[in-house]
Amino acid sequence: MIKLYDFPMSPRARKVRIALAEKGLQYEKATVDITKGEQKKPEFLAINPNGKVPALQDDGTIIYESSIIMEYLNDKYPSPPLLPSDPGQRARARVLLHYGDNPFDSACATVVGEVFFKPKGQADQNVIAKAKQDLTACLERLEKELGNNDYLVGAFSLADITFASWAPLFGPLQVEVPANCPRVKAWLTRLAERPSVKAAS
C-alpha cells in the first residue's frame, strides 16, 4: 500500500497527488501539518530527514523530494507514461521539470512566504515585486517552450505537473499571466481542467 505524507495546501505535495491520480493509484494519506511544525518532529524526520512534505512510502521503500517521488512512480507504475519515450524529449521534459523546481518554484514560494506567512501588514512589497518579475520571466520562457503544443513536450508529462501544482495559488497571490503569453494562459486552463489536477486541488 502506498502512503503519502501530505499537507493539502502544499504545491509540492500537490504534484505527487496529481501524479498518483494520473496513474490511477490508490493510496493512504497521512497529513503533516506544516503550520504546526509537524514536519520537524522526530517521527517525521525519521521518514524524511529534510523535514519537508511530501514523502512517500511504498512497499517498504521511502522516497522524498516531490520530483523524485514522481519519477519513482513513473518508473514503478509505467502506465500511463508521464515522460516521453524518445530520449531527447525525455531529457527536455527533465530540463523543464528542473526549471519548474528551481526558478519558478523559488519565485512562487517567495511570494507565498511574504503573503501567507508574514504577520498582516509586514509583507515586503519589494520582495514580492521582484519575485513576480521573476515569475513573469518564467512564464515568458514557457510561452516559447510550448510552441504550438498542448503541453510542454507534446503529451502531458511530469514537466506540466510541476507548474500545474502552483497555478491554483495564482489568484490568491494576485499573480497574473502576462498579456504576451496567450499560449501559457490556454495551457494553464487546459491543466486546470484535467481530472487529476481537479482531484488534487
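Each value in this text was obtained by applying a stated rule to the coordinates, not by laboratory testing. Note that the coordinates shown come from a computational prediction; the quantities given were computed from them, not determined experimentally. Neighbour counts run over all protein chains shown; Cβ positions are idealised from the backbone, glycine included.
Using a cut-off of 24 Å between Cα atoms, the listed pairs K15/K40; K3/K23; K40/K130 include K40/K130 as exceeding that distance. Ordering S106, S66 from the fewest to the most neighbouring beta carbons within 10 Å gives S106, S66.
Once you sort the root eigenvalues of the Cα gyration tensor of region 2-76 as a ≥ b ≥ c, which label holds: rounded (a/c under 1.5), prolate (a/b larger than b/c) or oblate (the other case)? It comes out prolate by the Cα gyration axes.
Once you list every other residue whose beta carbon is under 12 Å from the beta carbon of R141, what net charge do they have if Lys and Arg are +1 and Asp and Glu are -1?
Surrounding charge for R141 is -2.
Taking a ≥ b ≥ c as the square roots of the Cα gyration tensor eigenvalues, the chain comes out oblate, since a/c reaches at least 1.5 and a/b does not exceed b/c. When each of I2, I34 is scored by the number of other beta-carbon atoms lying within 10 Å, the sequence from fewest to most is I34, I2.
Size of region 160-200: Rg and Dmax of its alpha carbons, in Å, are 10.2, 30.
Counting charges near L45 (Lys, Arg +1; Asp, Glu -1) among other residues having Cβ under 13 Å from its Cβ returns a value of +1.
Spin-label model, K41 to Q174: label points 7 Å out along the Cα-to-beta-carbon direction sit 3.6 nm apart. For K132, a cut-off of 20 angstrom between C-alpha atoms picks up these lysines, skipping any fewer than 8 places away in its own chain: K118, K120, K144, K185. Using the alpha carbons alone, the radius of gyration of region 80-197 stands to its Kirkwood radius in an Rg to Rh ratio of 1.00.
By other beta-carbon atoms within 10 Å, ranking S67, S85 with the fewest at the front produces S85, S67.
Computed FRET efficiency, Cβ-Cβ of K29 and Y151, R0 30 Å: what is it to the nearest 0.05?
FRET efficiency, K29 to Y151: 0.65.
Residue separation times 0.36 nm, minus the C-alpha to C-alpha distance between N102 and I68: what's the value? Intermediate results must be reported in sequence, preceding the final value.
Details: separation 34, 0.36 × 34 = 12.24 nm, distance 1.39 nm.
Value of the extension gain: 10.8 nm.
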